[in-house]
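The structure appears below as structure tokens.
The values are calculated or read from the model by the stated rules, or taken from the named source; none is laboratory data. All of these numbers come straight from a predicted model, not from anything done at the bench. Here the Cβ is made from the backbone with ideal geometry for all residues, glycine too, and neighbour counts use every protein chain on show. Ligands, DNA and RNA are excluded from the accessible area calculation, which covers all protein heavy atoms including side chains. Shrake-Rupley method; radii C 1.70, N 1.55, O 1.52, S 1.80 Å.
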Amino acid sequence: MDTDAAPADFIAKWRGHWPEWSVAEAFVAEDQREVAAAWFALRHELTEAAWADGDPRPGEAKLAWWREELLGWSRNRRRHPLGVVLQKQPVPWILLADSVPALFASRGPAPDPDQAAIRLEPFAEGVAGIGATLFADAAQPPPSPPPPRSVVYGLLAERLLRQGQAAVPESIRAEASGDPTRAWAARLLQRWAPPHHGSLPGRLQALLVRERLQACAEGRSPSSWSRLTLPWRCRVIARS
């Protein structure tokens, strides 16, 4: 674990995977942008460890380290650079720490879509619980958290976009008459409602994931037209 790097290094790594965020973050309050980027970078570090290809042991060790680190954050201790931005936030990091083992348990191929979702529910609940309080505005009522199952589908979509066919449940692979990756993307879109709950940064991030997932379901790369209309779609989310 590289604890000598700066928070910006890990945030830049995440931004490299999601360059669309440079458009979406314009609709986030300026004082929340660094926290939002650090939060998504943390989620990326966790899911990358869980779903990395090859030998699972390094990822398992990394997640065990992260669990200890998040428990430390709940006790006002930190080692990882992202903690410089996140640890001081008044949120229950212990919820996320307790959900890390379930994230690793989601690594293998699931037999069917329901099992794929069930495996991720504990981690999704941790993510939803943190996100509901991380961006709360003391001057306004806190945002209603997204349903955990909605967070589950967003995580399954991110996994599919990262791993391709390796992330597809076994029953979808057996049933698909064509590309099982496209079939699973289409199934996820049917089950995953557009983002209407949760924090604004979370809804914007979900919009970006859904856009890529839609392109995957249609067997195409995200179009230049979609990129041109992204500011308008982000504005709609910000006003909802």
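Quick notes on this one:
- Computed E for ARG77/ALA193 - FRET, C-beta separation, R0 30 angstrom, nearest 0.05: 0.20
- For the pair ALA52 and ALA6 in one chain, pulling the backbone fully straight at 0.36 nm per residue adds 14.3 nm over the alpha carbon distance.
- Note on ARG107 and VAL236: their simple-model spin labels are 4.0 nm apart, each label 7 Å out from Cα toward Cβ.
- Calculated accessible area for the chain comes out at 47 Å² per residue, all protein chains present (probe 1.4 Å; ligands, DNA, RNA ignored).
- Three-way shape label, region 198-240, alpha-carbon gyration tensor, a/c 1.5: oblate
- Look at the dipole of the chain built from charges on Cβ: of ALA176, PRO92, GLN190, the Cα furthest out on the positive end belongs to GLN190.
- The dipole here belongs to the chain: it is taken about the Cα centre, uses +1 on the Cβ of Lys and Arg and -1 on the Cβ of Asp and Glu, and is about 380 debye.
- Atom-type composition of the exposed protein surface of region 37-128 places 52 percent of the accessible area on carbon and sulfur (1.4 angstrom probe).
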